[in-house]
Amino acid sequence: MIRTEGIHKFFGALHVLRGITLEVARGDVLVIIGPSGSGKSTFLRCINLLVRPDEGRVFIDGVQVNRPEISPEWVREQVGMVFQSFNLFTHLTALQNVTLAPIRVKKLSKDKAEAKARELLARVGLAEKAEAYPAQLSGGQQQRVAIARALAMDPKAMLFDEPTSALDPEYIREVLDVMTNLARDGMTMIVVTHEMGFASSVASRIVFMDAGLILEEGPPAEIFEHPRNERTRAFVSKILR
Amino acid sequence: MGLPAYVKRQRQAPILSPANGVRVVEMVVGGLLVISLFELALHYDIRDPNLWVRYGISFVRGFWGTLGYIALVLPVSVALGFGAGWARVSRHRLLSWPSAAYIDFFRGIPLIVAILFAFLYGVDFIPERIRFFLEDALGISASSLPYAMAALALAAHSGAYQAEIFRAGFQSIPRGQVEAAEALGLRHFQSMTSVILPQTFRLSLPPLGNELAVLIKDTSVLGAFGASELVGLASEFTQQIPISGGQLVWQFAIWTAIALTYFVMTFLVTRVLHLLERRFRTPGLEVVSL
């Protein structure tokens, strides 16, 4: 479904990604962990080309997408993204946030887009908040709207960039629940997170990244209980405590 | 959210509230009071028919002239300001650099000097063919062209200030929202029109209202060059008043009438902008207005 080969990225002299090769099968949930500054967010952004890799190839459904002939907008229709800071559009209601891209990008009629948006808002438990503006919603509610907004484009896969890191503790559960349900429904997901409970119960595989490299990869039980790499061990012991 | 309670209450007041009614009454009573004090002190009735029979036509002509200049300068300045503000935040230096130069230039020289240059030399910069077109097809007299150029200098001056207002509006849109729009597959133009501009507009309205009020009053500077608007025609008229006793009182009456006229115009414009602000108020995008 999503495959990357030898992704490198430089920010000036900084070598942020040093050759990331990964594969995520349809319906799989890949969780990426690692210390901050290890390049996790940059790697996610390389997949939907918000950041263009300097070297390497990104494939979606077998098609190499980081080629000049392929428009980044098309790639982003295939892969939805949810951000750490929600990034809802402040001037639009929850419903309008969800319908904007289907109407403007997919040219869906307003009625169809709204019907679908209400369905999605109901799915993330926010049917009654459709007319609320982001400022009137809690962090957890905003992030759930953001998930609905990404789903409205019918993506084949979803990228989550630390979706609960900016949330107050009491709101983390509701967002993780929505993500868990999404995974159960068969969505292909790549999630950067430090929520170990979520990772061990939902992830098909865990990848440990450090300094722009993948140091270890395996099923949750293996990574959390018997990490082979020394740095994985150190990191895991820190976050599991 | 973090605002003091009185600010919230004030902004939630309906348009036709008693509080607003009180303000209008205050204004009218205050105006009448000033006028009657002045009448008492000078033993003079401001409605003096001797004055208004002679000055009335001049006043009305001046008023229309002022409205005409406002009608020209206001849209041109907003267009310039918006364009320059947009260009200022562009990633392309070919756009941002000239815009920065324009803003710095007009903010750095006095308004009256900018107008002076445009008035004296502006017409020389109009290509001959366009000048003929203006004069023949549109019937604009050659003698009024310097005033049009002076008005454009005023528009450019105000445009530079408005550009900074719009620039601030653009820059206060969180970068993350632009990224989110991109991640949803919106093209640059689409995220501009659906995400960035609507928010810039809301954030820019209150400071824009202030700037437009300033602009309206600044059209009076054109009068110093003899443009036929309120101030220009009034100074022309006052110079013709016979030196005998009435002169001082008449001047006082004329300038009072003119001050009141500008006051009413700016008051109306700021009110209209407040209405717009209310109309587009969005939770999370409030700017505390004056």
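A few points about this structure:
- Filtering segment B:149-194 to residues that are in a loop (DSSP other than H, G, I, E, B), at the interface with chain A (Cβ under 9 Å from one of its Cβ atoms) and surrounded by fewer than 24 Cβ atoms within 10 Å (Cβ to Cβ) leaves B:I173, B:P174, B:L186, B:R187.
- Extreme residue, nearest to the other protein chains (Cβ to nearest Cβ), among residues of segment A:69-87 that are in contact (Cβ under 8 Å) with a residue 24 or more places away in the chain and more than 15 Å from the chain's Cα centre (by Cα): A:E73
- Test for A:E119: is it open to solvent by 20 Å² or more (accessible area, probe 1.4 Å), charged (D, E, K, R) and within 14 Å of another protein chain (Cβ to nearest Cβ): no
- Restricting segment B:229-256 to residues that are small (G, A, S) and open to solvent by 20 Å² or more (accessible area, probe 1.4 Å), the residue that is modelled with the lowest pLDDT is B:G245.
- Flag if B:R202 is away from chain A (no Cβ under 14 Å) and assigned to a helix (DSSP H, G or I): no
- Candidates A:V63, A:V58 - the one that is among the hydrophobic types (A, V, I, L, M, F, W, C) and surrounded by 20 or more Cβ atoms within 10 Å (Cβ to Cβ): A:V58
- Number of positions in segment A:185-241 that are of a type in the set (F, W, Y) and within 15 Å of the chain's Cα centre (by Cα): 1
- Listing of helices (runs of 4 or more DSSP H) fully contained in segment B:22-139 that carry 3 or more residues being of a type in the set (D, E, K, R): B:49-88, B:93-108, B:128-136
- Only one of A:S109, A:S36 that is under 30 Å from A:F235 (Cβ atoms) and either hydroxyl-bearing (S, T, Y) or surrounded by fewer than 20 Cβ atoms within 10 Å (Cβ to Cβ) (or both): A:S36
- Test: residue in segment A:169-179 that is within 25 Å of A:K112 (Cα to Cα) and without any contact (Cβ under 8 Å) to a residue 24 or more places away in the chain: no
- Here A:L126 meets each of (1) more than 10 Å from A:V145 (Cβ to Cβ); (2) buried (at least 18 other Cβ atoms within 10 Å of the Cβ) with one exception, condition (1).
- Residue among A:I2, A:I33 that alone is in contact with a His (Cβ under 9 Å, 6 or more places away or on another chain), more than 11 Å from chain B (Cβ to nearest Cβ) and within 28 Å of A:V175 (Cα to Cα): A:I33
- Where strands (runs of 3 or more DSSP E) fall entirely within segment A:1-54, those with at least 1 residues that are on the phi > 0 side of the Ramachandran plot are at A:2-11, A:14-24.
The values are calculated or read from the model by the stated rules, or taken from the named source; none is laboratory data. None of the values given here were measured: they were computed from a predicted structure. With ideal geometry, Cβ positions are generated from the backbone for all residues, glycine too; neighbour counts draw on all protein chains shown. Just so you know, the surface numbers come from the protein's heavy atoms only, side chains and all, with ligands and any DNA or RNA stripped out. Shrake-Rupley method; radii C 1.70, N 1.55, O 1.52, S 1.80 Å.
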